[in-house]
Amino acid sequence: MKTKNTKKQAIKRKLAGKMVPKAQAEPQGEVEEYLYMLPVDVSVRDLKPVVQVQEEKKDIWRELDLMEVKLSHDSLIFENFMDCFESASDQAFLRENGVKKVYAFSYDSLDRAEAARVVRDIHAVFGGFIASDTEDLTTVYQPEDF
């Protein structure tokens, strides 16, 4: 799996010259990052309608497969992370766990309760699980425990 920095650099190149989400304010807590492993191949077009927040607080960039949900302190960002699972071991992990789509998501720790509600909204419709954004993906959460 590519490292976060490599992925972030690739995303910056991909986003160059395009309108992208901007933080509402400086994050006041720590930035928390996880991976959402889905058993179905979906896009942000599929995720957006199931998130139970006001429509004006949700935005998607279809060409980037990226969704922003504005929360109290900052935004929750979901971004397609499938390109980072290239190695044979990554592919084996996805296959063994029935994962068809991976989204990286991040948010300000002060928004954890709001972020958890969004994750539970998505889980209620599509299922899946959450993994830590580490090389070995060892820490796994169910959305109800998140």
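The values are calculated or read from the model by the stated rules, or taken from the named source; none is laboratory data. Just so you know, these numbers come straight off a predicted model, no measurement behind them. Counting neighbours? That spans all protein chains shown, and the Cβs are built from the backbone with ideal geometry, glycine included. Areas reflect the complete protein model, heavy atoms only, side chains present, ligands, DNA and RNA absent. Shrake-Rupley method; radii C 1.70, N 1.55, O 1.52, S 1.80 Å.
Quick look at the numbers
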read-out: Residue that is modelled with the highest pLDDT, among those in the range 51-83 that are assigned to a helix (DSSP H, G or I), open to solvent by 40 Å² or more (accessible area, probe 1.4 Å) and touching a helix residue (DSSP H, G or I) at 6+ places or on another chain (Cβ under 8 Å); value: Arg62
read-out: Selected residue (criterion: modelled with the lowest pLDDT) from residues of the range 114-146 that are under 12 Å from the mean Cα position of the chain (by Cα) and not small (Gly, Ala, Ser); value: Asp133
read-out: Candidate set from the range 105-135 (those that are open to solvent by less than 10 Å² (accessible area, probe 1.4 Å) and part of a strand (DSSP E or B)); member that is farthest from Val53 (Cα to Cα); value: Ala131
read-out: Selection within the range 31-50 - over 12 Å from the mean Cα position of the chain (by Cα) and surrounded by 14 or more Cβ atoms within 10 Å (Cβ to Cβ); value: Pro39, Val42, Asp46, Lys48, Val50
read-out: Only listed residue being free of Cβ contacts under 8 Å to residues at least 12 places away in the same chain, of a type in the set (Gly, Ala, Ser) and under 21 Å from Asp41 (Cα atoms), chosen from Ala92, Ala113, Ala124; value: Ala92
read-out: Any hit, the range 22-45, residues being in contact with a strand residue (DSSP E or B) (Cβ under 8 Å, 6 or more places away or on another chain), part of a helix (DSSP H, G or I), at pLDDT 50 or above and of a type in the set (D, E, K, R); value: yes
